[in-house]
Amino acid sequence: MGFDPTEYIYSFSLFGRKGGYKPGLDRIAFMLEQAGNPHKKFRTVHIGGTNGKGSTAALLDSMLQTNGLKTGRFTSPHLHHYGERMMINSVPMDDDTLEKLVLEVKPIIEQVEEKTGEGPPSFFEVTTFLAFYYFAREEIDLGVIEVGLGGRLDATNVLLPDLTAITNVGLEHTHFLGDTIEKIATEKAGIIKESVPIITGALSPALEVIKNRAAEKKAPFISLHQDYSWVRQEQRLEGQKFNIKGPERKYRNLFIPLAGTHQMDNAVLAVALAERLGVSEERIRKGLARAYWPGRLEVAGFQPLIILDGAHNPSGFETLTSFLEDEFPGKKVVFVLSFLKDKDVNPFLQKIEKKAEKVLFTRVENFRAASPWALREMVENEKIPMEVIPSIEEALSRAREIAGPGGIVCLTGSLYAVGEGREVLGARGYLIKT
């Protein structure tokens, strides 16, 4: 058998396995230096935060492409295949290119442990290195780069960007980032660089942490909620229209093909970034309307209505249930839930308790996925009827049966679950968009 680049990349420690989280910049810095510092050969926007990083990146990327730029977008995780993590002009890296690039940089990767004394690189560090190497080789104009975890010690934090953004701050990965909003905000604010403008949609108390860090770094500071105002004009499952009033421009009836109030918030942040990169109002408008970001409140079928959403933390579930109640007041939903390990399901169930007709626990084909039986045993609140159905395909079939033609099914809990659900629904002819 020939060389398998994906198998090689996955041979490095993955987040979720013992030793899989490797904070620090020495390993990534060594690899980049050996490759001629490719990350310094293109301009970047660096986007951190708890939720909405990928959506903001996709919206901004679309506007920049509409403005004539050749863009690279680095996000994680992927929905279907590894190459989705590093796109150029919204096209994922293909397998042949991946194999070629991995073979080129493999000698550098394999020197890391010996040369740095910091052990071998992690999966995410190798992926970040590959993305920057790829973007430089393809001579992109600008990279839209999503932070992996936290910020201060994240592999992407080797960048010196043109702009920095922090979407919001909520409780997540508390074992690594701290157990309070302030501690997590401190880690995320670590991406703020000397004199580089920072735009954030964070609210107090995280806002004060980010503002103080910006002052220390003499970084121009823009608070979305203080400097911009926005209001929705129209909401449909296919998307929404809204107005924005900013310090310099006003926009009426902007449209994004993404549903949910949180996506409007992400769009305002993306617009604020695009403005500072010189994108005109006309191209902002066109770019937003063309954006595509699957797996986030995505309608995947009708009769019953099937909604896929990558919510994976309590604040994401709160956003999801608010959307469902706003759109379908008083109507119950059959939830298909799959979580990664080490998650307490109870805070999630509290968010959906009033909205759930039934919960079906299932499992994705991923080593990080929690056992659906373990999830069921963890439940403290027995008010919601529940079943365990191990396969996502069978769980979705059962959910459709329970909901009936006029009901609603929602698959959520992780982007891995959404990706597998999209494949199942696509194969069965339900998925509307691919």
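So here's what we get for this one:
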| item | result |
| --- | --- |
| Members of the stretch 397-416 found to be touching a strand residue (DSSP E or B) at 6+ places or on another chain (Cβ under 6 Å), in a helix (DSSP H, G or I) and not basic (Lys, Arg), listed by number | Ala399, Ile402, Ala403 |
| Single residue of the stretch 171-211 satisfying the filter (free of Cβ contacts under 8 Å to residues at least 12 places away in the same chain, touching a helix residue (DSSP H, G or I) at 6+ places or on another chain (Cβ under 8 Å) and not small (Gly, Ala, Ser)) that is nearest to Ile244 (Cα to Cα) | Lys183 |
| Those helices (runs of 4 or more DSSP H) lying entirely in the stretch 1-101 with at least 2 residues hydrophobic (A, V, I, L, M, F, W, C) | 26-34, 53-66 |
| Test: residue in the stretch 100-121 that is more than 27 Å from Leu269 (Cβ to Cβ), in the same structural domain as Val279 (by TED's automatic domain parsing) and crowded, with 24+ Cβ neighbours inside 10 Å | yes |
| Among (1) in contact with a strand residue (DSSP E or B) (Cβ under 9 Å, 6 or more places away or on another chain); (2) at pLDDT below 95; (3) more than 29 Å from Lys354 (Cα to Cα), the one test that Glu327 misses | (3) |
| Some residue of the stretch 371-390 being charged (D, E, K, R), outside the structural domain of Ala259 (by TED's automatic domain parsing), closer than 19 Å to His80 by Cα and modelled with pLDDT under 95 | no |
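The values are calculated or read from the model by the stated rules, or taken from the named source; none is laboratory data. Remember, predicted model here, so these are calculated numbers, not experimental data. Note: ideal-geometry Cβ built from the backbone for every residue, glycine included; neighbour counts use all protein chains shown.
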